[in-house]
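Working notes for the structure below.
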């Protein structure tokens with residue numbers, strides 16, 4: 001059996017955004033030519049591993065996963081899912097604001113839950129957060145996954161992509 005594979009497009013789309021175009025990458029262009037700037041917020045604790053709070057790249061902001069860590073104590077706010085979710089969302093807001101944007105600029109989020117049974121509770125908090133902080137913008141595209149564990153024993157982690 002002979003299989004023929006043809007590229008459908010020279011573009012890669014993520015939640016409706018042409019990632020190659022957004023990052024100024026075209027066939028033959030090296031990724032080293034992409035201008036990247038780290039976003040580091042002094043309002044948040046330093047990352048617990050080798051990464052940046054966010055990266056700005058050609059009009060897009062890629063926000064690292066945020067836990068429900070209290071910026072003042074540098075520890076999880078408490079053991080309650082609801083409080084960790086609210087704090088993780090506030091931490092996302094801090095990063096997007098530090099980068100010069102607002103919550104309405106967020107176009108994609110990824111939620112990681114230690115227990116998928118928490119999906120409904122997280123959805124309620126998530127919906128309220130975007131209603132309060134980005135009422136005039138459509139809700140971001142989103143993915144949600146259950147994972148075995150998260151750093152610091154967290155119950156939820158949320159990452160995001162925003163546009164400038």
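The values are calculated or read from the model by the stated rules, or taken from the named source; none is laboratory data. Predicted model only: the values in this text are computed from it and were never measured. We place every Cβ from the backbone using ideal geometry, glycine too, and count neighbours over all the protein chains shown.
Miscellaneous remarks
- Residues that are farther than 18 Å from residue 40 by Cα, in contact with a strand residue (DSSP E or B) (Cβ under 8 Å, 6 or more places away or on another chain) and surrounded by fewer than 17 Cβ atoms within 10 Å (Cβ to Cβ) are absent from the stretch 85-95 altogether.
Yes or no, residue by residue, for (1) part of a loop (DSSP other than H, G, I, E, B); (2) exposed (fewer than 11 other Cβ atoms within 10 Å of the Cβ); (3) at pLDDT 90 or above:
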| site | (1), (2), (3) |
| --- | --- |
| 2 | yes, yes, no |
| 7 | yes, yes, no |
| 25 | yes, no, no |
| 45 | yes, no, no |
| 48 | yes, no, no |
| 61 | no, no, yes |
| 71 | yes, no, yes |
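- When we screen 99, 75, 121, 88 for residues that are touching a residue at least 12 places away in the same chain (Cβ under 8 Å) and touching a helix residue (DSSP H, G or I) at 6+ places or on another chain (Cβ under 7 Å), the only hit is 121.
- Residue 87 being assigned to a helix (DSSP H, G or I), at pLDDT below 90 and within 27 Å of residue 134 (Cα to Cα): no
- Test: residue 114 is out of contact with any helix residue (DSSP H, G or I) (no Cβ under 6 Å at 6 or more places or on another chain) and farther than 30 Å from residue 34 by Cα: yes
- Within the set 107, 96, the sole residue that is under 18 Å from residue 36 (Cα atoms), modelled with pLDDT of 95 or more and not in a loop (DSSP other than H, G, I, E, B) turns out to be 96.
- Restricting the stretch 102-111 to residues that are touching a helix residue (DSSP H, G or I) at 6+ places or on another chain (Cβ under 9 Å) and under 14 Å from residue 158 (Cβ atoms), the residue that is surrounded by the fewest Cβ atoms within 10 Å (Cβ to Cβ): 103
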